[in-house]
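Engineer: Dropping the structure in here first, questions after.
The values are calculated or read from the model by the stated rules, or taken from the named source; none is laboratory data. Just so we're clear, the structure is a prediction, and the values are computed from it rather than from any experiment. Ideal geometry is used to build each Cβ from the backbone, glycine not excepted, and the neighbour counts take in all protein chains shown.
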Amino acid sequence: MDFSEGITPEDIQVFLEEADEQIQLLEDDLVKLERAERSDELLQEIFRAAHTLKGSSATLGHQKMAELTHAMENAFDQLRRGAIEVTTELMDVLLKALDALSDMKEDLRAGVETGVDVDEIVADITEAIRLSAVAADAETASSTPLRTTEAGKSVDETAQMQAAAAQSQHLESVRSSLPGNALHLAVAIDQECPMPSVRAFQVVDLLASVGEIAHSVPSLDDIEAGNVDYSLEAYVITDKSASEIEELVQQISDLIEVRVASIADEEAASAGDLDEPPESGSNEGSAQPAPTDTGSADSGGSQVDGSHHAKSRQPRRGFASISTTVRVDVSKLDTLMNLVAELVIDRAHLAQIVKELESRFEGSDISEALDRTSLNVGRVTSELQDEIMKIRMLPIDNVFRRFPRMIRDLSQELGREVDLVIEGQDTELDRSVIEEIGDPLIHLLRNAVGHGIEPPEERVKAGKPRRGLVQLRAYHQENTIVIEVEDDGRGIDVDRVRTRAVDRGIISADAAARISDREAVNLIFASGLSTAQQVDAVAGRGVGMDIVRTNIERLNGSISVETRKGKGTRFVVKLPLTLAIIRAQLVSVGGRIYAVPISSVQINLREPESKITTVKGQETYLYGDRVLPIIRLSEVFGVESTPAEDGRLLIVVVRSSDEQVGLVVDKLMGQQEIVIKNLGGVLGDIRGLSGVTILGDGRLALIIDVPSLVRSVSTREYAV
Amino acid sequence: MPGNQEAKQMHEYVIFELAGEHYAVDVSPVEEILRMAEITEVPHAPSFVEGIMNFRGNVMPVIDLRRRLGLPTSEHTKNTRIMAVSLNSGTVGMIVDAVSEVAEIPPEIVEPPSPIILDVDTDFLTGIAKMGSDDQEGKLVVILDLVKVLSDKSQRELAEFSEAMAADDV
């Protein structure tokens, strides 16, 4: 693919990151817009996002993306001016265009030539604009050229004037915080220049290459977005002299006036001042619209570098907060987390050493000093661990934000009318969990719309509001995060679940009759049970609730369901805040220590050998009214068991999905928090083990993979 | 500090012993040479994997290089060492009988491997060097390609291993 001259791979990376954000923002906002949350600010935000995307794709030289965003921008422009109105058709086309943008973006990321047919989509947009024209205004709308026009200005103008006022106020405080050798630069651009923003961009680009831009008016954001008037002011921290900078900047064409002076010099000559600052808001007129016709942005944009973008994360929402955030590569955080985990291990080790030394040198000064230091190291380590855990936390909005669009598309597809209400999207959890939780939630939401919410007529007949309500809620509860998916649909038919479970041989007819409704409804998580409706395309891909449960349990979480016939269904998912550290029951088998995640441990039993009976080649134990398959870990791991002296067996009862299994171990070694580590590349996956952890004394403990052990028993059982 | 450019250009090698023979590996990926330490056995791991150990707070798999190269196994002695080697897949420990020195092996004295004189699989070898000064008896040093030692065949065995596991499940 051909890019503008001087575009580096880093530029593309920066572009992609920004495109990710803008596209997501557009998607969020479009769905909001359709849900009649129309407001001037929203429309303005949408327009700006499209405009920014257009500008950056043109700068990059991505013709197709620029063309498409240009067409979208046009539609948004007409929307905000009220020339056209929000219709389902228009939204469909725009969302499709957004998908196409996203596809092109991913193709760019993958480094392949994109196959997206932009012309077709652009034609669709044009057509949709024509059809969505506000009746009275139809003529104006259809004849509007593909440009931001006069009518759009008033809104922009106000916004810009406010921004300008804020900027000049801010300028003073920026100035006072700068060192005396910082340079103040003022540039006037020729009024005849067709692309003032490109020139302004060249100037800041140049400045960024020789120093650091402390502040500029217009802001870097605005310059990039093309919101540039015919003047530019900037403060730069650089080791070049004022005259050197002036000389460099002079080389950029279309600049009528360039003035550079150090702050100290200006201060000295403070009486006869500059006739700046420019009145950014007053005369932007024709300058305001985007300068970039597709591809014309030759802009020497080789250094649309990270620093600009890093600062442009929070566009226009308060300049004061600009530099308080930093982007950090995830792998760095992972490394940091590993290092802290090492400290945690050392801390435990240190505590042991201290104890030993104390017993030897009791009461001596040096021993007490060591004790104090060790305590302090321990405290600092804990805090460090907490803080790093917090850094790794992301708001669950990262998962939730794609759902409004999904629900919208799905309800349209299925002829449902559904409102999705999201609560607690700011709730934070570790990014490792965020990465894993998306799919199970998608499944639950699809179920809610597909099976929960009734078609509108049916709802009206049942005396319910026409529009169904799906609620997605997240909150913290102790050390877990709780996510609820609730719908006000028809609920789960518990008797039907019973019948089916009996049909499929999951439980006996007796048991089905005996268990409570609450227990019965939880049978939907049993493997092999899918009610008739669940086989359709909505629940999709043949994935049943059993998979949802398995996936959640793999994260050491749990899921439960409550339902009321005719009223609705609520799924409650509980997850740990992080996957990196879990609480585990340590056990000893054949002299080695193993860790069993506490989330799967039900109870520990001590029973005589004689109570174990062999059924179909499988050792079992009658626990309550349940037949518990017994797994001797010593056999699984091929080690010698050293049984307890009283001849009783120590059984740790664990659960995965709905099945319980008893693990026979030699000794219980207490519970503790453990840091999960991979077994390492050479070993790969090993059945029965999910990882390893380092204990306080430096020894390793293998972590037992409960789900796989439980599965190994159940498959054996069914195979017979 | 091993691992830098300079060392590589110097053609420096770690020379160690296995079953009475001298072997050498490029010094640059060798992070540390450790005394024998507690190794935790991993059930169901491939046979050449001795286990895992705690190396600088990380979990490092340890392989028995004798077994890996198809040599007869032996008891560990006080000379037994673990070479921690950093490869693409992470750091791996390799048990060797003893580590004698770090020495330069100029490329001129390295000859292509000849399968006749060797017990080990020639796939793993880069060449053979005849070392030693005039007053000393020359010794033959087998130069190993660590990446190969840990890739091709290991991968195959690991694959077979997982298949066996899968079959076991049925």
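Engineer: Has segment A:384-399 got at least one residue that is assigned to a loop (DSSP other than H, G, I, E, B) and not small (Gly, Ala, Ser)?
Structural biologist: Yes, segment A:384-399 contains a residue that is assigned to a loop (DSSP other than H, G, I, E, B) and not small (Gly, Ala, Ser).
Engineer: Next question. Suppose the filter is more than 13 Å from chain A (Cβ to nearest Cβ) and either of a type in the set (Lys, Arg) or assigned to a strand (DSSP E or B) (or both); does B:Glu108 pass it?
Structural biologist: no
Engineer: Quick one: count up the residues across segment A:209-227 that are surrounded by 23 or more Cβ atoms within 10 Å (Cβ to Cβ) and over 32 Å from the mean Cα position of the chain (by Cα).
Structural biologist: Number of matching residues: 1.
Engineer: Okay, next question. May I ask you to list the residues in segment A:349-365 that are closer than 18 Å to A:Asp697 by Cβ and surrounded by 11 or more Cβ atoms within 10 Å (Cβ to Cβ)?
Structural biologist: A:His349, A:Leu350, A:Ala351, A:Gln352, A:Ile353, A:Val354, A:Lys355, A:Leu357, A:Glu358
Engineer: Okay, moving on. A:Asp546 fails exactly one of the following numbered conditions: (1) surrounded by fewer than 19 Cβ atoms within 10 Å (Cβ to Cβ); (2) modelled with pLDDT under 90; (3) out of contact with any helix residue (DSSP H, G or I) (no Cβ under 7 Å at 6 or more places or on another chain). What is the number of that condition?
Structural biologist: (3)
So that you can scan it fast, the table gives a plain yes or no per residue for (1) part of a loop (DSSP other than H, G, I, E, B); (2) closer than 24 Å to A:Thr335 by Cα; (3) modelled with pLDDT of 90 or more:
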{"residue": "B:Leu34", "(1), (2), (3)": "no, yes, yes"}
{"residue": "B:Pro43", "(1), (2), (3)": "yes, no, no"}
{"residue": "B:Pro72", "(1), (2), (3)": "yes, no, no"}
{"residue": "B:Ser86", "(1), (2), (3)": "no, yes, no"}
{"residue": "B:Asp119", "(1), (2), (3)": "yes, no, no"}
{"residue": "B:Asp123", "(1), (2), (3)": "no, no, no"}
{"residue": "B:Ser133", "(1), (2), (3)": "yes, no, no"}
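Engineer: As an exercise: evaluate A:Ser241 against (1) among the polar types (S, T, N, Q); (2) surrounded by 22 or more Cβ atoms within 10 Å (Cβ to Cβ); (3) farther than 20 Å from A:Gln44 by Cβ and give the number of the one condition it does not meet.
Structural biologist: Of the numbered conditions (1) among the polar types (S, T, N, Q); (2) surrounded by 22 or more Cβ atoms within 10 Å (Cβ to Cβ); (3) farther than 20 Å from A:Gln44 by Cβ, the odd one out for A:Ser241 is (2).
Engineer: Here's another thing I want to ask about it. May I ask you to verify whether A:Val399 is touching a residue at least 24 places away in the same chain (Cβ under 8 Å) and touching a strand residue (DSSP E or B) at 6+ places or on another chain (Cβ under 8 Å)? If you could, list the steps in order and put the result at the bottom.
Structural biologist: Numbers: touching a residue at least 24 places away in the same chain (Cβ under 8 Å): yes; touching a strand residue (DSSP E or B) at 6+ places or on another chain (Cβ under 8 Å): no.
In short, no.
Engineer: Then there's this: Specify which of the listed residues (B:Val25, B:Val42) is among the β-branched types (Val, Ile, Thr) and within 8 Å of another protein chain (Cβ to nearest Cβ).
Structural biologist: Working: B:Val25 fails: within 8 Å of another protein chain (Cβ to nearest Cβ).
That would be B:Val42, the only listed residue that is among the β-branched types (Val, Ile, Thr) and within 8 Å of another protein chain (Cβ to nearest Cβ).
Engineer: Residue check: is A:Leu206 within 35 Å of the chain's Cα centre (by Cα) and either surrounded by fewer than 21 Cβ atoms within 10 Å (Cβ to Cβ) or of a type in the set (A, V, I, L, M) (or both)?
Structural biologist: Yes; evaluated as a whole, the condition is true for this residue.
So that you can scan it fast, the table gives a plain yes or no per residue for (1) modelled with pLDDT of 80 or more; (2) among the hydroxyl-bearing types (Ser, Thr, Tyr); (3) within 22 Å of the chain's Cα centre (by Cα); (4) assigned to a helix (DSSP H, G or I):
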site: A:Phe15; (1), (2), (3), (4): yes, no, yes, yes
site: A:Ala19; (1), (2), (3), (4): yes, no, yes, yes
site: A:Ile23; (1), (2), (3), (4): yes, no, yes, yes
site: A:Leu26; (1), (2), (3), (4): yes, no, yes, yes
site: A:Leu30; (1), (2), (3), (4): yes, no, yes, yes
site: A:Glu41; (1), (2), (3), (4): yes, no, no, yes
site: A:Thr59; (1), (2), (3), (4): no, yes, no, yes
site: A:Thr69; (1), (2), (3), (4): yes, yes, no, yes
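Engineer: While we're here: Please determine whether any residue of segment A:697-712 is away from chain B (no Cβ under 14 Å) and either touching a Lys or Arg at 6+ places or on another chain (Cβ under 9 Å) or at pLDDT below 80 (or both).
Structural biologist: yes
Engineer: Also, quick follow-up: Which condition from (1) under 45 Å from the mean Cα position of the chain (by Cα); (2) within 27 Å of B:His44 (Cα to Cα) is the one that A:Glu640 breaks?
Structural biologist: Unmet condition: (1).
Engineer: Restricting attention to segment A:634-660, which residues are among the hydrophobic types (A, V, I, L, M, F, W, C) and within 14 Å of chain B (Cβ to nearest Cβ)?
Structural biologist: Of everything in segment A:634-660, those that are among the hydrophobic types (A, V, I, L, M, F, W, C) and within 14 Å of chain B (Cβ to nearest Cβ) turn out to be A:Val636, A:Phe637, A:Val639.
Engineer: Continuing with this model, one more query. Looking for whichever is aliphatic (A, V, I, L, M), in contact (Cβ under 8 Å) with a residue 12 or more places away in the chain and not in a helix (DSSP H, G or I) here; the options are A:Ile552, A:Ile559. Which one fits? It would help to see each step written out before you state the result.
Structural biologist: Working: A:Ile552 fails: not in a helix (DSSP H, G or I).
A:Ile559 is the lone residue from the list that is aliphatic (A, V, I, L, M), in contact (Cβ under 8 Å) with a residue 12 or more places away in the chain and not in a helix (DSSP H, G or I).
Engineer: Checking A:Ser600 against (1) surrounded by fewer than 21 Cβ atoms within 10 Å (Cβ to Cβ); (2) more than 14 Å from chain B (Cβ to nearest Cβ), only one condition comes out false. Which one?
Structural biologist: Condition (1) is where A:Ser600 drops out.
Engineer: Across segment A:221-244, which residue is nearest to A:Pro196 (Cα to Cα) among those that are out of contact with any Leu (no Cβ under 6 Å at 6 or more places or on another chain) and part of a helix (DSSP H, G or I)?
Structural biologist: A:Ile223
Engineer: Continuing with this model, one more query. Would a scan of segment A:80-89 turn up a residue that is assigned to a helix (DSSP H, G or I) and hydrophobic (A, V, I, L, M, F, W, C)? Before you say what the answer is, go through the steps one by one.
Structural biologist: So in segment A:80-89, the residues assigned to a helix (DSSP H, G or I) come out as A:80, A:88-89.
Next, only the ones that are hydrophobic (A, V, I, L, M, F, W, C) stay: none.
Scanning segment A:80-89 turns up no residue that is assigned to a helix (DSSP H, G or I) and hydrophobic (A, V, I, L, M, F, W, C).
Engineer: Would you please list the contacts, defined by Cβ atoms under 9 Å and residues six or more apart or on different chains, that run from a residue in segment A:197-216 that is closer than 19 Å to A:Ile263 by Cβ to a residue that is buried (at least 20 other Cβ atoms within 10 Å of the Cβ) and acidic (Asp, Glu)?
Structural biologist: Listed by first residue and then by second, the contacts come to A:Val204/A:Glu224; A:His215/A:Glu233; A:Ser216/A:Asp222; A:Ser216/A:Glu233.
Engineer: Any chance segment B:70-93 includes a residue that's within 16 Å of the chain's Cα centre (by Cα), within 14 Å of chain A (Cβ to nearest Cβ), among the charged types (D, E, K, R) and surrounded by 16 or more Cβ atoms within 10 Å (Cβ to Cβ)?
Structural biologist: Checking segment B:70-93: not a single residue is within 16 Å of the chain's Cα centre (by Cα), within 14 Å of chain A (Cβ to nearest Cβ), among the charged types (D, E, K, R) and surrounded by 16 or more Cβ atoms within 10 Å (Cβ to Cβ).
Engineer: In the set A:Ile686, A:Ile674, A:Ile631, A:Ile694, which member is under 41 Å from the mean Cα position of the chain (by Cα), within 14 Å of chain B (Cβ to nearest Cβ) and more than 30 Å from B:Val92 (Cβ to Cβ)?
Structural biologist: Of the residues listed, the single one that is under 41 Å from the mean Cα position of the chain (by Cα), within 14 Å of chain B (Cβ to nearest Cβ) and more than 30 Å from B:Val92 (Cβ to Cβ) is A:Ile631.
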